[in-house]
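Only one structure is covered here, and it is reproduced in the block below.
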Amino acid sequence: MARPDGGYIAGYTAPTQNAAVGVWSLRDTFQQQRASAWPGADPYIANVQLLMHGEGSSVVDSSPAARTVTSYGTASVSATRSKFGTQSLSTPTTSSGFSVPRTASLLVGSADFTIEAWVWASSVGQSGTILFGPAAFSWAIYVGSGVWGYYLSTNGTAYNVANATSMGTPVASQWNHIALVRSGSTFSPYINGVRGTTATSSAAIAAPTSTVGATVGEGFGGTNGYAGLFIDDVRITIGTARYSGASFTVPTAEFANR
């Protein structure tokens, strides 16, 4: 039988898999990986700017950017709880958390984005920061007086787009998926796949001068953290709105590194 260049049989049209044993050929593996269709692959991995699984002996950023993560206070990787794997990020006190340095690629600007994480708290009624942008008056997910809200600024001096705008209601003592998504001029918050109160603006999100790109479990300057919080699979994707509509099915597996 004649073979084209490369030694593959002519007429090949689709990937094949041995259904009996679940084995992919080497060629199929290569094709699917190149197409970002290999099982478990993230088609938007090139847009992922921060990915923290909270696994291992130290805290690392598993995104393509591989940013340096700094821990503050008593923040650590903990085996006490985990959504995926065997560990998660832990912030025992209000002055505990994690941060990554500021770079232009971590600023959301006017691009679509998805900021998300899994969080666990024994009390969902206290106050404290869950996720925070480069500085005050940029973007934040913060709990104040029991309201899980998000904050957005386009002028850098006030939260003029969203100010304690409700994301929804989490459940105490269980893992909750939270997400803040921008698609065009619409900002949609979600808790456990259910959309909260939206906001609109076509302007770029402000990025006041700072040395920090984002913080996890604490606010700007290492204060106002959410004490007793466990966080798993923090992911910031810039350039892609991963979720839409009134609801979606939350992820059921750890976010892919590729």
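Just so you know, all these numbers are worked out from the coordinates, no wet-lab data involved. The structure displayed is predicted, hence computed values, not measured ones. Using ideal geometry, Cβ is built from the backbone for each residue, glycine included, and neighbour counts are taken over all protein chains shown.
Numbers for the structure displayed
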{"quantity": "Protection-proxy order for peptides 192-198, 162-168, each taking the mean of Cβ atoms within 10 Å per residue, highest first", "calculated": "162-168, 192-198"}
{"quantity": "For Val212, distant residues with modelled amide H under 5 Å away", "calculated": "Arg102"}
{"quantity": "Residue-by-residue Karplus 3J(HN,Hα) for region 154-170, coefficients 6.51, -1.76, 1.60, Hz, glycine and proline x", "calculated": "10, 10, x, 10, 7, 7, 8, 9, 9, 9, 6, 6, 5, 8, x, 10, x"}
{"quantity": "Gly156 long-range amide H proximity, modeled H, under 5 Å", "calculated": "Ala206"}
{"quantity": "Nonlocal amide H pairs with Thr165, under 5 Å, H built at 1.01 Å", "calculated": "Tyr150"}
{"quantity": "Region 45-238, relative contact order [Cα under 8 Å, separation at least 6], %", "calculated": "31 percent"}
{"quantity": "Under Karplus coefficients 6.51, -1.76 and 1.60, residue-wise ³J(HN,Hα) of region 100-110 in Hz, glycine/proline x", "calculated": "10, x, 6, 9, 4, 6, 9, 8, 6, x, 9"}
{"quantity": "Nitroxide proxy distance, nm - points 7 Å out along Cα→Cβ at Thr197 and Arg258", "calculated": "4.4 nm"}
{"quantity": "Computed lengthening from Ala41 to Asn155, 0.36 nm per intervening residue step minus Cα-Cα distance", "calculated": "37.3 nm"}
{"quantity": "Projected label distance in nm at Ser78 and Ser244, using a 7 Å step from Cα toward the beta-carbon", "calculated": "3.8 nm"}
{"quantity": "Region 45-238 - charge dipole about Cα centre, Lys and Arg +1 at Cβ, Asp and Glu -1, debye rounded to 20", "calculated": "120 debye"}
{"quantity": "Integer Hz, Karplus 6.51/-1.76/1.60 couplings in order for region 223-230, x for Gly and Pro", "calculated": "10, 6, x, 9, 5, x, 8, 10"}
{"quantity": "Estimated Rh, region 45-238: Kirkwood, alpha-carbon pairs, angstrom", "calculated": "16.1 Å"}
{"quantity": "Extended-chain gain in nm, criterion 0.36 nm per residue less alpha-carbon gap, Thr169 and Ala104", "calculated": "20.1 nm"}
